[in-house]
1. Looking at the stretch 100-109, is at least one residue within 22 Å of R167 (Cβ to Cβ) and free of Cβ contacts under 8 Å to residues at least 24 places away in the same chain?
2. Would you check if Q82 is surrounded by 10 or more Cβ atoms within 10 Å (Cβ to Cβ), over 25 Å from the mean Cα position of the chain (by Cα) and among the polar types (S, T, N, Q)?
3. Conditions: (1) surrounded by 10 or more Cβ atoms within 10 Å (Cβ to Cβ); (2) over 37 Å from the mean Cα position of the chain (by Cα). S7 meets all but one. Number of the miss?
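The values are calculated or read from the model by the stated rules, or taken from the named source; none is laboratory data. Computed from a prediction, not measured in an experiment: that's the story for all the values here. We place every Cβ from the backbone using ideal geometry, glycine too, and count neighbours over all the protein chains shown.
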Amino acid sequence: MIDINLSLLIAQTVTFLIAVVVLWQIAWKPLSAMMCRRKEQIKEDLDMLQSEKWVISKLEEGYNVHLDRIHKEAEDIIKKAQAEGLKQRESIIGQAYKDAEDIRQKAHKQVNTEESRLFQEMTADLFVLSVELTERMLQQSVDRRTHEKLFLDTVREFEHLLAKRQRGLPS
């Protein structure tokens, strides 16, 4: 059967208790102190993280407010630019209509002036031709047939002079 040696059992128990006391003093207290310090450090880090999280949320709110203000300012600038663009467009179109009307009026005046000049030239040419016709008629005894021939010749000469004038040739 099992034999228990009481002195050996007491020696082992005493050795075990001494080892526990020594380990308690040497390892457990420093390990426990280190665990407490680590626990405090983690608590401080969590508190600091919570504080920084709050600061970040406040900064984010400020950033969003600033970003909204920038968007509104950008929209206002765009609206003003569009309004100014429309205003300039209307001004340019109005000026173009005014310029077109001025050009049309100048062209109309030039046409009227040219018509007057051509009418005066035609009148002068007609007067010359009338004088020539009269001279020819007085030089010949005029019967009806001769009168028609002289008239037609004069009309052809007038048309010939008119065609030259229209082409810009001298008469």
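1. Checked against the condition, which is being within 22 Å of R167 (Cβ to Cβ) and free of Cβ contacts under 8 Å to residues at least 24 places away in the same chain, the stretch 100-109 yields at least one hit.
2. Numbers: surrounded by 10 or more Cβ atoms within 10 Å (Cβ to Cβ): yes; over 25 Å from the mean Cα position of the chain (by Cα): no; among the polar types (S, T, N, Q): yes.
Here the answer is no, as Q82 does not meet what is asked.
3. Failing condition for S7: (1).
Results for (1) modelled with pLDDT of 80 or more; (2) in contact with a helix residue (DSSP H, G or I) (Cβ under 7 Å, 6 or more places away or on another chain), shown as yes or no for each residue.
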{"site": "Q82", "(1), (2)": "yes, no"}
{"site": "L86", "(1), (2)": "yes, no"}
{"site": "D125", "(1), (2)": "no, yes"}
{"site": "T134", "(1), (2)": "no, no"}
{"site": "T146", "(1), (2)": "no, no"}
{"site": "A163", "(1), (2)": "no, no"}
